[in-house]
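All remarks here apply to the structure that follows.
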Amino acid sequence: MIKDFSIQLYSIRDAIEKTGWEAVLEKIAAIGYTGVEFAGYGGYSAEDMKVLLDKNGLRSVGAHIGIERLEEALEEELAYHKVLGTPFIIVPYAPFASAEEVRELSARLSVLAGKVKAAGFRFAFHNHDAEFERDGADYRIEDMMSLAPDVEIELDVYWAAKKDCDCVSFIKKHADRICALHIKQIDAAGRSVDLDEGVLDFRAIIQAGLDIGVSDFIHEQEEFPADPFDSVVKGYKHIMSL
């Protein structure tokens, strides 16, 4: 179904800490992944990180950067990703515990969206499960989308499904706002499991994404039964076989 599959590096942070960036990026590329999504840089300069990516034929598809970091050091972060050629700057988490928090967050995201887009990037928000609570008729994430119309959504299907959201229907409903999909599997008990297990129909989810123009599909996993790279290999093979 897809030619390119990326991985969120937070998923394999323990392997990076144990064996280092060079070994992990080489291993990722050897498996077949073509892109990485950042959640930190391991102390590497942008120029040195670009060398590592180019050496392994990998591209930077996005970066998870905390909202406080973006508010405090936006120019530094954007300069880093100018070098890497990263298209998406993504806020990975923010509190979503009430309608008031949604309003406050939406205002902050709107300000950042204007600055990030003016610098030539796209700007998105990555969900967890609290975004799929309701304070009225709509999900909280939909309230945020209404209040912050310049913010795109990187939909994490695991967290959405954890709150019983029909991911395919949600993707279709918000075709103009969803820019990327986190491909993460959930089992009947709500655990994050290997991509070839669990209950989510990735064929239907990926097709829905393709139908609305999504080009970045990103493997993320919260838990691993054994060696993370066993799951990473299995996940890649499963998705690329669809």
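Structure notes:
- When restricted to residues that are within 12 Å of GLU220 (Cβ to Cβ) and assigned to a loop (DSSP other than H, G, I, E, B), region 1-32 contains 1.
- Residues of region 3-26 that are under 19 Å from the mean Cα position of the chain (by Cα), surrounded by fewer than 21 Cβ atoms within 10 Å (Cβ to Cβ) and among the hydroxyl-bearing types (Ser, Thr, Tyr): TYR10 alone.
- Any hit, region 132-142, residues being part of a helix (DSSP H, G or I), of a type outside the set (Val, Ile, Thr), surrounded by 22 or more Cβ atoms within 10 Å (Cβ to Cβ) and over 18 Å from the mean Cα position of the chain (by Cα): yes
- Within the option set GLY42, GLY57, being within 24 Å of SER215 (Cβ to Cβ) and either in contact (Cβ under 8 Å) with a residue 12 or more places away in the chain or in a strand (DSSP E or B) (or both) holds for one residue only, GLY57.
- Of residues in region 196-221 being in contact with a Lys or Arg (Cβ under 7 Å, 6 or more places away or on another chain) and closer than 20 Å to TYR33 by Cβ, the one surrounded by the most Cβ atoms within 10 Å (Cβ to Cβ): GLU220
- Some residue of region 176-189 being surrounded by fewer than 18 Cβ atoms within 10 Å (Cβ to Cβ), charged (D, E, K, R) and outside any loop (DSSP other than H, G, I, E, B): no
- LEU109 being part of a helix (DSSP H, G or I) and either under 16 Å from the mean Cα position of the chain (by Cα) or surrounded by 21 or more Cβ atoms within 10 Å (Cβ to Cβ) (or both): yes
- In region 195-242, the residues that are assigned to a loop (DSSP other than H, G, I, E, B), of a type in the set (A, V, I, L, M, F, W, C) and under 20 Å from ILE31 (Cβ atoms): LEU195, PHE224, ALA226, LEU242
- A single entry from GLU101, GLU76 fulfils the requirement of being part of a helix (DSSP H, G or I), in contact with a Pro (Cβ under 9 Å, 6 or more places away or on another chain) and farther than 22 Å from HIS182 by Cα: GLU101.
- Set GLU26, GLU37, GLU17, GLU77: member being in contact (Cβ under 8 Å) with a residue 60 or more places away in the chain and not hydroxyl-bearing (Ser, Thr, Tyr): GLU37
- For region 159-169, the criterion of being assigned to a strand (DSSP E or B) and either within 15 Å of the chain's Cα centre (by Cα) or buried (at least 20 other Cβ atoms within 10 Å of the Cβ) (or both) is met by no residue.
- Failed item, numbered, when LEU84 is tested on (1) over 22 Å from GLU17 (Cβ atoms); (2) in contact with a Lys or Arg (Cβ under 6 Å, 6 or more places away or on another chain); (3) of a type outside the set (Gly, Ala, Ser): (1)
- Restricting attention to region 27-51 and to residues that are of a type in the set (Asp, Glu) and surrounded by fewer than 18 Cβ atoms within 10 Å (Cβ to Cβ), the residue that is farthest from VAL83 (Cα to Cα) turns out to be ASP48.
Every number here is computed from the coordinates shown, using simple stated rules; none is lab data. Predicted model, so just to flag it, every value in this text is computed and none were measured. Using ideal geometry, Cβ is built from the backbone for each residue, glycine included, and neighbour counts are taken over all protein chains shown.
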